[in-house]
Amino acid sequence: MPLSISWKFWNWGENGVQLHPHFFTYPALMFYLHYAVHCIHYAVGYFIGMYADLSVFQNSFAENPTHFIVLARIVSLLFDIGTIFFTYNIALRLWNKTCANVAVVFLAINPLHIQQAHLINVDTPLTFFAVCAVYAALRVFESGKMQWYIFAGISIGCAAATKYNGALLGLPLFLAHMLKHQSSLADFSRHRVFLLSAVCTVGVFLLSNPYIVMDFQSFREEFVFVQWHMEVGHLGLDENQSTLGYYFFDSLPRNFGWLMTFGVIAGSAMMVYKRKREFYILLSFPLVFVAMLLTWKMRADRYIIPAFPFFILCGTYALYEGWNALHTFAQKFSFTKNRFVVHSVACMLLIVILFPSLAETYSYQRHHTLPDTRLETKHWIQQNIQKGAAIAYAPLGISLDVHSYKILPIPFSATLTKQFSAFYNYEWYRDFDVVLGSTFDYGRYVKEPHKYSAYIAYYDALRTQSQLLFESAPNDLRNGPHIWVYAPMKNFRSEKFSDSLLQSLHTVGDAQVITFAGKLAAILGTKNQIEKSEQLLATMVAIDPTNQEVRRGYIFVLYQEEKYEEALRAAQIFLRIYPQHPEMTGLLGNILLQLEHFEEAEQVLLSAITLDAQRSEPYLDLAILYETTGNYTQAVTVLNKYMMTFSLSAEEKIQIAEKIAALREVK
């Protein structure tokens, strides 16, 4: 997500850059950070001669984005290394070097941390800023120096500017400040540095997210939607499992092992029991953060990762105290005086506790290096499907070249499943050359067939009304979803869409319909399905009558179908809204010419030339009009002006000259 959004900041094809993310699901700090990486990448590439200009840079991303992705992953890796560094220092300040070393070992081999380091996301940076903020809060409690207040404020601001729930990191700082000055809370001068840190937090957040203020309405709408999404969950969640059960009986044991999971719980309880103020500061963020996660129906491993360093610190503390108790008890026996034996036992116990994490990490790394069904399918399509073919598919992680194929993404939503079912009707795609299906979405729908019956019906139609060309299934040697490549059978095609199918689009948001129907209409136009294109464009005009491009496309389709009376009415309405539109004025003149309304056509075509003298069509139409009505002198005049206005090829000049000569002979 950060990589794709930051790439749009370049505003390709337009002047200047466009730093508005037009996306408020996450704050914008990571988008701008990755854009800065792009800028450095381009500057270095330009200096060493790799990129002659920005167009080469853009084409490099389109042709092979591998090095762009690697650079973005390095950013995630650096945040991960930073998390290890600050976790080590927290453990060092709270306990000793041994505990610090044990904590970072657990963190470094943690499978979830390793998985997220492979990705380009916001959760890994949030985890880094979380440990920074808590470390700074501990230093505030320890020394009360202004520099740590400022560092804490900046860290909290960066965390909130990475993901909104990062604002919860204000709690450890507030707690550290209050515990530090609990004997002098009435003295306002004691709170100035805390207010300074708050100013730093707000300042960093707003500087990183100026469009939250500048486009507050869009931010508010998307933020409300995100809250709703978290509360209700989305497609594919196990309805029989609670959020508490998911995190504490699935996620934590899978990533820590049961022994370390018990250690995390025991260590947290021991810290609370010890009543040490530093422990309260340390625990404040993970406890409140996890409590917030437990109020959501939506859940995922990556959501809880910002709490993992603190869980590991709690588990490390439990191991430390447990080992001390065990060592004290074992001193009664003579063999414990042998340091080699003691160290060997300690290492074996540590390996036993680490083993589940190591096994999960090994399994992930092994599967991560295996071939993927999506890559195999992409290569098969490139080798077996002819260029220019029309291909439709729902999101499944395949990126096909839009210059080689006519691609229609089937809209997919994990939350608005009822509304988006309108797009999952096989009737839309029967004229396509290829339609892809996969368990990426089907595997979720089939879990609740009664709830998602429309989606199941789509896949049933896909199987029964298409020919299976290729499939790629996951196994021990291949990752990814099960993918099917189908070719729709021609005998199921129809000349028009049904009215009920078109009506179903009115249940979906206007923006999604316009995007989907516009792309579908364009593809069907290239497949000579003009009547279906007209139906789609008419639906789009009804949904968004103010959309100029939609109206324009609709009129051109009517013209292509030779429905001149309908095209005439539509063009006249268009020009009442946009009276200075030279292209549509010229088309209106042509339509009037086709309908033999010669006098009106002449005036409109002359107006089109006045609006834009560099458009060739009105000249040629005007010449045809004059020739048709017997006004050969005017026809010759228009053609002479046409030759002087435009740079013509030698062949075109000969053709026009011959036409002029023929008209003079008739005259």
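The values are calculated or read from the model by the stated rules, or taken from the named source; none is laboratory data. Because the structure is a prediction, the values reported are computed rather than measured. All Cβ positions, even for glycine, are placed from backbone atoms using ideal geometry, and neighbour counts span all protein chains on display. Surface areas here come from the heavy atoms of the whole protein model, side chains and all, with no ligands, DNA or RNA. Shrake-Rupley method; radii C 1.70, N 1.55, O 1.52, S 1.80 Å.
Per-structure values
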{"quantity": "Single residue of region 321-341 satisfying the filter (of a type in the set (A, V, I, L, M, F, W, C) and at pLDDT 65 or above) that is surrounded by the most Cβ atoms within 10 Å (Cβ to Cβ)", "calculated": "W323"}
{"quantity": "Selection status of K163, among the basic types (K, R) and either open to solvent by less than 40 Å² (accessible area, probe 1.4 Å) or within 22 Å of A103 (Cβ to Cβ) (or both)", "calculated": "yes"}
{"quantity": "Among residues of region 20-48, those that are assigned to a loop (DSSP other than H, G, I, E, B) and open to solvent by less than 60 Å² (accessible area, probe 1.4 Å), counted", "calculated": "8"}
{"quantity": "Residue match in region 517-524 (condition: under 20 Å from M584 (Cα atoms), surrounded by 16 or more Cβ atoms within 10 Å (Cβ to Cβ) and over 28 Å from the mean Cα position of the chain (by Cα))", "calculated": "no"}
{"quantity": "Matching residues in region 130-155 - criterion: being without any contact (Cβ under 8 Å) to a residue 60 or more places away in the chain and either within 36 Å of the chain's Cα centre (by Cα) or buried (at least 22 other Cβ atoms within 10 Å of the Cβ) (or both)", "calculated": "C132, Y135, A136, V140, W148, Y149, I150, F151, A152, G153, I154, S155"}
{"quantity": "Selection count where residues are touching a Gly at 6+ places or on another chain (Cβ under 7 Å) and assigned to a helix (DSSP H, G or I), scope region 610-661", "calculated": "3"}
{"quantity": "Leading residue by the ranking (surrounded by the fewest Cβ atoms within 10 Å (Cβ to Cβ)) among those in region 280-306 that are in contact with a helix residue (DSSP H, G or I) (Cβ under 7 Å, 6 or more places away or on another chain) and without any contact (Cβ under 8 Å) to a residue 40 or more places away in the chain", "calculated": "L283"}
{"quantity": "Only one of S421, S413, S466, S472 that is more than 30 Å from N240 (Cβ to Cβ), among the hydroxyl-bearing types (S, T, Y) and within 26 Å of the chain's Cα centre (by Cα)", "calculated": "S472"}
{"quantity": "Failed item in (1) part of a helix (DSSP H, G or I); (2) at positive phi, with G397 passing the rest", "calculated": "(1)"}
{"quantity": "Failed item, numbered, when F249 is tested on (1) within 29 Å of L94 (Cβ to Cβ); (2) without any contact (Cβ under 8 Å) to a residue 12 or more places away in the chain; (3) within 27 Å of the chain's Cα centre (by Cα)", "calculated": "(3)"}
{"quantity": "Pair list, Cβ under 6 Å, 6 or more apart: region 487-503 residue of a type outside the set (S, T, Y), other residue surrounded by fewer than 12 Cβ atoms within 10 Å (Cβ to Cβ)", "calculated": "A487/Q467"}
{"quantity": "Residue within region 434-441 that is touching a residue at least 60 places away in the same chain (Cβ under 8 Å), on the phi < 0 side of the Ramachandran plot and open to solvent by 50 Å² or more (accessible area, probe 1.4 Å) present", "calculated": "no"}
{"quantity": "Residue match in region 486-493 (condition: among the hydroxyl-bearing types (S, T, Y) and surrounded by fewer than 19 Cβ atoms within 10 Å (Cβ to Cβ))", "calculated": "no"}
{"quantity": "Residues within region 348-394 that are over 22 Å from R444 (Cα atoms), open to solvent by less than 80 Å² (accessible area, probe 1.4 Å) and not in a helix (DSSP H, G or I), tallied", "calculated": "7"}
{"quantity": "Residue tally, condition within 25 Å of S251 (Cβ to Cβ), open to solvent by 50 Å² or more (accessible area, probe 1.4 Å) and within 21 Å of the chain's Cα centre (by Cα), over region 68-125", "calculated": "3"}
{"quantity": "Pairs where the first residue, in region 220-235, is surrounded by 15 or more Cβ atoms within 10 Å (Cβ to Cβ) and the second is charged (D, E, K, R) and part of a helix (DSSP H, G or I), C-beta under 7 Å, 6+ apart", "calculated": "L235/R444"}
{"quantity": "Positions within region 591-616 being exposed (fewer than 15 other Cβ atoms within 10 Å of the Cβ) and of a type in the set (D, E, K, R), in sequence order", "calculated": "E596, E599, E600, D612"}
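Yes/no per residue for (1) closer than 22 Å to A522 by Cβ; (2) without any contact (Cβ under 8 Å) to a residue 12 or more places away in the chain:
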| site | (1), (2) |
| --- | --- |
| L558 | yes, no |
| E561 | yes, no |
| A570 | yes, no |
| P579 | no, yes |
| P582 | no, no |
| L588 | no, no |
| Q594 | no, no |
| F598 | no, no |
